[in-house]
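Peer 1: Please find one structure pasted underneath; my questions will follow.
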Amino acid sequence: MRNPIAQLKNKQTAASVNVKVGSSELMRNGHKTVGKWEQILTAWGLLLPGLVILVIFTFYPIISAAYTSLTNWNGFSANPDFIGLKNYVKLSQDPEFWNSLTVTVIYAFGVAVLSVISGLIFAVLLDAPIRARGLYRTIYFLPVVTSSVAVAIVWKYMLDPSGLVNSVLSSLGIAGPDWLHNKWLALFATIFLTVWKNLGFNIILYLTALQSLPKSTYEAASLDGATSWQQLRYITVPLLRPMTFFVVVQALISSFQSFDLIYVFTEGGPRGGTDVLGMFMYRQAFRLGNFGYGTAIAIASLILVLIVTLVQWKVSNAENK
């Protein structure tokens, strides 16, 4: 028979071991819980300042503008009347809005396409081992840091009937047109000016993407006998699709928001030929005092930009799959 005293001691030892194991597990779980809450509080502490700024300077103005678009506020009255969707109904029936929307779409499409083509071409050229490459990059970037107002004034004088551009054309035996008094020529000049001013920024974006491409891919293509054009078409352009998507989206958004350059360059003329949505909104709100209607134009522009961006995002994801 076993000694009962020994059995009792074994049971007491096992019980104490179980208590210690249980207490250690509770302590570990407690430490995990405390550590988890510390991480959550630390994350919220880091995010809170940015969220406060985002709410005050982004979300609140959008919500306030959305409400203003549902009123007939004239910019001065303390209690504007709530009129519901009347501004949006008026907008859908306004021929000036549809003209501005058409002009904006053409302008945005032209800027986006030419931004991609010019940015890629110059980036490829400046990525090559040429002399004074840094100097060329600096020269192309200068228009980006130049004031839009200054750029518009200079080009307005250059495209004057007696300006520099027509003088150069005359020396070549070509009769220069009246650039800013023809509806389509003025729109083309505005597109060209916008692309030229942002060219340096697009070059930097494409240069950054080009320098991150794998060199081994080009070495393998060269060994297989691929020419420089074939490498550009079948390797460089496909690999740069994410950056091209960003350039297009950035160009479209900036085109829908364009105002200062066009205001100084053409003032929306001639005959509404460059009257983009920004100019139409400014005229309705600040010249005619229809702030409710002008805000409705701004909200409509925001919705259009979101739709275009979402469509491009879906198309880009579908192509990547």
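Peer 1: Go through region 195-297 and tell me which helices (runs of 4 or more DSSP H), entirely inside it, have 1 or more residues that are within 28 Å of Thr146 (Cα to Cα).
Peer 2: 241-256, 260-265, 277-282
Peer 1: Which residue pairs have Cβ atoms under 7 Å apart, sit 6 or more places apart or on different chains, and have a first residue in region 160-176 that is in a helix (DSSP H, G or I) and a second that is not polar (S, T, N, Q)?
Peer 2: Between residues of region 160-176 that are in a helix (DSSP H, G or I) and residues that are not polar (S, T, N, Q), the close pairs are Leu164/Met158; Val165/Met158; Val165/Leu159; Val165/Gly176; Asn166/Gly176; Leu169/Gly176; Ser170/Gly176.
Peer 1: What number of residues within region 103-144 satisfy the criterion of being of a type in the set (A, V, I, L, M, F, W, C), without any contact (Cβ under 8 Å) to a residue 24 or more places away in the chain and open to solvent by 80 Å² or more (accessible area, probe 1.4 Å)?
Peer 2: Qualifying residue count for the region: 6.
Peer 1: Helices (runs of 4 or more DSSP H) wholly in region 40-156 with at least 1 residues that are of a type outside the set (Lys, Arg) and farther than 30 Å from Val195 by Cα - which ones?
Peer 2: Per the criteria, 60-68, 86-92.
Peer 1: Can you confirm whether region 259-269 contains a residue that is open to solvent by 70 Å² or more (accessible area, probe 1.4 Å), modelled with pLDDT under 90 and not β-branched (Val, Ile, Thr)?
Peer 2: No, because not a single residue in region 259-269 is open to solvent by 70 Å² or more (accessible area, probe 1.4 Å), modelled with pLDDT under 90 and not β-branched (Val, Ile, Thr).
The values are calculated or read from the model by the stated rules, or taken from the named source; none is laboratory data. What you see is a predicted model; the values in this text were computed from it and never measured. Positions of Cβ are backbone-derived with ideal geometry, glycine not excepted, and every protein chain shown enters the neighbour counts. SASA here: full protein model, heavy atoms, side chains in, ligands and nucleic acids out. Shrake-Rupley method; radii C 1.70, N 1.55, O 1.52, S 1.80 Å.
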